[in-house]
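> Dumping the structure here so I can ask a few things about it.
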Amino acid sequence: MFQLTATPASALADEPVHIRVTGLPPLQTVTLMASMKDEKGNLYQSRAFYRASKAGELDLKQAPALGGHYVGVHPMGLFWSLKPEKAFERQIKKDVMNSPFWITLELYDSVYLQKSGEVQPRASQVVQRWFSSPQTQRVQVQEGRVRGALFLPPGAGPFPGLIDLFGGIGGLVEYRASLLAAHGFAVLALAYFAYADLPKQLQEVDLEYFEEAANLLLAHPKIQKPGIGVISVSKGAEIGLAMACYLKEVAATVCINGCNAIFEFPLKYRDLVITPIPSLPERMEFNIMGALCLRHYKGNPRDALNQHSVLPIEKAQGPILFIIGEDDECFNSREYAEQALDQLRRHGRSSGRMLLYPGAGHLIEPPYLPLCYASWSRGLFCPLLWGGDPVGHAAAQEHAWGEIQKFFRQHLVQSRSTL
């Protein structure tokens, strides 16, 4: 009697699942397959080929995949190796409160290469992957100019407060904020263009908007004083670093594959205007899939002519954690982080740290979410190349997620001990 178990069958999307099979013939070759549909109906699938033990059992914590979408011992490989059937789709959870992603696991007693459903599997199991915990509260934010969604953990607090910024995707992206709230942080997922009555396109970065959001968060009775953290990626990480430099409210900053200077659009703050470093469109490249690589598109912040656009990172009051994918094909992010750390050292500061991940691409997400190697991007006629190797990227996401939480707890929660 074949039995496929996945425990827990319902869990947060950043929690591991233990997959086991029993009742197999000794040393039987099998296929394990995962499939799911996102909220737009796009199908994602992965598969791996395994051999049962002499006892007719399979435990993905110990058994190596012999082939398929990955090779070797990867207990969560079926989740992070999910591939979209339609090229260049990016898996993004929109409704984080009311529904999970449903992932179907199927067992076939041979090397199975057909689509799911064409042959009856020998066993199957459905797992739910949630992006919020049951007690998390979501509050729509529309106050002054600020637009976003605030996620509050259960209880009276006070909780360490974070602002969560994504990049050129625009709109309101909530899944990282809602997951962090499940781990005890109060998180404002902040939109800054292409949402509600905000500008449809980004033409300038007005830092006073982000200052207003920081003050709004700090004024909330459940937010721990005196400062907040910022978690940011891509263009959002450029803004996050600017917030660290200029806003007294920011006490700790995580920049995931960002820049150390202003690019593309001017940054304004009160009387200050920082003009962007000119880009070099002739350096754009297309890869074999037809995706656009922007790694060499931006001008070099080290050039003497570009110094006016480099952010004064030495003015940052709190620590900064740079999370960098070595296989980032969108930004030269390692170079930017190293420049920022050099600048801190020249000013006698040791408040910056870099975590460098081999094999990781641009879009470093919460753990077990699949690598997005390239996807369609707002306003472009072709997909953007993000980069990354599935195995290295998955390892980076798992490690970085723990380091991010540790970093914010260390630098935002220290006053708890005196309460």
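> I'd like to check something: does region 136-143 contain any residue that is basic (Lys, Arg) and within 30 Å of Ala360 (Cβ to Cβ)?
Among the residues of region 136-143, at least one is basic (Lys, Arg) and within 30 Å of Ala360 (Cβ to Cβ), which makes the answer yes.
> Out of everything in region 86-111 that is modelled with pLDDT of 95 or more and among the hydroxyl-bearing types (Ser, Thr, Tyr), what residue ends up being nearest to the chain's Cα centre (by Cα)?
If we take residues in region 86-111 being modelled with pLDDT of 95 or more and among the hydroxyl-bearing types (Ser, Thr, Tyr), then Ser99 is nearest to the chain's Cα centre (by Cα).
> Still on this model: Sort out for me the strands (runs of 3 or more DSSP E) sitting completely within region 180-287 that have 1 or more residues that are under 24 Å from Gln405 (Cα atoms) and modelled with pLDDT of 95 or more.
186-190, 228-233, 250-256
> Something else now. Looking at Arg90, Arg122, Arg129 in this structure, which one is crowded, with 17+ Cβ neighbours inside 10 Å, in contact with a Cys (Cβ under 7 Å, 6 or more places away or on another chain) and of a type in the set (D, E, K, R)? Reasoning before the result, please.
On the way: Arg122 fails: in contact with a Cys (Cβ under 7 Å, 6 or more places away or on another chain); Arg129 fails: in contact with a Cys (Cβ under 7 Å, 6 or more places away or on another chain).
After applying the criteria, what remains is Arg90.
> Something else: So which residues in region 193-212 are touching an Asp or Glu at 6+ places or on another chain (Cβ under 9 Å) and closer than 10 Å to Arg147 by Cβ, if there are any at all?
Scanning region 193-212 gives no hits.
> Please go through region 343-365 and give me each residue that is of a type outside the set (A, V, I, L, M, F, W, C) and in a loop (DSSP other than H, G, I, E, B), ordered by number.
His347, Gly348, Arg349, Ser350, Ser351, Pro358, Gly359, Gly361, His362, Glu365
> Pairs, please: C-beta under 7 Å, at least 6 apart or cross-chain, first residue over 17 Å from Ala394 (Cβ atoms) and hydrophobic (A, V, I, L, M, F, W, C) and in region 50-76, second open to solvent by 70 Å² or more (accessible area, probe 1.4 Å) and not in a loop (DSSP other than H, G, I, E, B)?
From residues that are over 17 Å from Ala394 (Cβ atoms) and hydrophobic (A, V, I, L, M, F, W, C), the pairs are Leu58/Arg20; Leu66/Arg51.
> Any chance region 146-168 includes a residue that's open to solvent by 10 Å² or more (accessible area, probe 1.4 Å) and in contact with an Asp or Glu (Cβ under 8 Å, 6 or more places away or on another chain)?
There is at least one residue in region 146-168 that is open to solvent by 10 Å² or more (accessible area, probe 1.4 Å) and in contact with an Asp or Glu (Cβ under 8 Å, 6 or more places away or on another chain).
> If you scan region 54-74, which residues turn out to be open to solvent by 50 Å² or more (accessible area, probe 1.4 Å), closer than 16 Å to Leu4 by Cα and in contact with a Pro (Cβ under 8 Å, 6 or more places away or on another chain)?
The first filter runs over region 54-74 and keeps only residues open to solvent by 50 Å² or more (accessible area, probe 1.4 Å), leaving 54-55, 57, 61-62, 64, 66, 69, 71, 73.
With the extra rule that they be closer than 16 Å to Leu4 by Cα, the set shrinks to 55, 57, 61-62.
The answer is Ala55, Lys61.
> Among the residues of region 18-53, count how many are open to solvent by less than 80 Å² (accessible area, probe 1.4 Å) and assigned to a strand (DSSP E or B).
Summing the residues that are open to solvent by less than 80 Å² (accessible area, probe 1.4 Å) and assigned to a strand (DSSP E or B) in region 18-53 gives 20.
> Next up: Quick one: which residue in Ser110, Ser132 is closer than 27 Å to Ala189 by Cα and among the polar types (S, T, N, Q)?
Numbers: Ser110 fails: closer than 27 Å to Ala189 by Cα.
So the residue among Ser110, Ser132 that is closer than 27 Å to Ala189 by Cα and among the polar types (S, T, N, Q) is Ser132.
> Given the criterion assigned to a helix (DSSP H, G or I), open to solvent by less than 50 Å² (accessible area, probe 1.4 Å) and among the hydroxyl-bearing types (Ser, Thr, Tyr), identify the matching residue among Tyr336, Tyr368. Explain how you work it out, then say what you get.
On the way: Tyr368 fails: assigned to a helix (DSSP H, G or I).
The match here is Tyr336.
> Which of the residues that make up region 288-326 are exposed (fewer than 13 other Cβ atoms within 10 Å of the Cβ), small (Gly, Ala, Ser) and in a loop (DSSP other than H, G, I, E, B)?
Within region 288-326, Gly290 is the sole residue that qualifies.
The values are calculated or read from the model by the stated rules, or taken from the named source; none is laboratory data. Everything numeric here is computed off the predicted structure, so don't read it as measured data. Heads up, the Cβs are rebuilt from the backbone with ideal geometry, glycines too, and the neighbour counts pull from every protein chain shown. Areas reflect the complete protein model, heavy atoms only, side chains present, ligands, DNA and RNA absent. Shrake-Rupley method; radii C 1.70, N 1.55, O 1.52, S 1.80 Å.
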